[in-house]
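Working notes, structure below.
The values are calculated or read from the model by the stated rules, or taken from the named source; none is laboratory data. Worth saying up front: this structure is predicted, and the values here are computed from it rather than measured. All accessible areas refer to the heavy atoms of the entire protein, side chains included, with ligands and DNA or RNA removed. Shrake-Rupley method; radii C 1.70, N 1.55, O 1.52, S 1.80 Å.
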Amino acid sequence: MQKQIFNIQFYDKAIRIKKLGKILILFCFFTIDVQGQEWNVYSMDDKLKIEFRFDECHDKINDVHQQRVFFRYSNLTDNSLEVHLIMSSVYMKNGKETSIKNDKPEFILSLSPGQILEGNCNETDNFLNLFSKMLNFKSSELKDFTIKIAEIK
């Protein structure tokens, strides 16, 4: 009789260890996924913080799978801001660089006091996201980008 109790207890501990192992594996995958989505500070002063992150967007219906750069703009003041931005980018395709440069402000952000504007896969505004590369076939790939603040009102 004691032998059966020992086997049941041993079996019960083995199941707990397996469950714990699965939980740890899931936690590791979740942690890795979250780390890839951290925001990086691009620029910051006493009025405005600009951050960016790379992330994947998947449109399964149209079989479009892209990596994009998302931007987050944070108004750090108690006043409304009007921010004029100039964005430039450099892409690489077949060993050749192509620059997309702008000299004049192309985007104007209106931010309420304390407001945060953040890009995601559903946003179409170019100041909130930037194409990086296709994930399901070879295409041009983002090598570098710059954001210049032309003016803050």
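In region 68-153, carbon and sulfur make up what percent of the accessible area (probe 1.4 Å)?
45 percent
If I histogram all Cα-Cα distances within region 45-105 using bins 5 Å wide from 0, what percent of pairs lands in each bin?
Over region 45-105, the share of Cα pairs per 5 Å bin runs 4, 12, 14, 18, 19, 16, 10, 6, 3, 0 percent.
May I ask you to give the solvent-accessible area per residue for region 84-135, in square angstrom, as obtained with a 1.4 angstrom probe?
62 Å²
What residues qualify as long-range amide H neighbours of SER132, i.e. H under 5 Å apart, gap of 5 or more or another chain, H built at 1.01 Å from N?
GLN67, ARG68, VAL69
Provide the per-residue ³J(HN,Hα) series for region 95-104, in order, calculated from phi with Karplus coefficients 6.51, -1.76, 1.60 and θ = phi - 60°, each as a whole number of Hz, with x at glycine and proline positions.
x, 10, 8, 10, 9, 10, 10, 10, 9, 10
Defining a contact as two alpha carbons under 8 Å apart and six or more residues distant in sequence, what relative contact order in percent does region 85-144 show?
Across region 85-144, relative contact order equals 39 percent.
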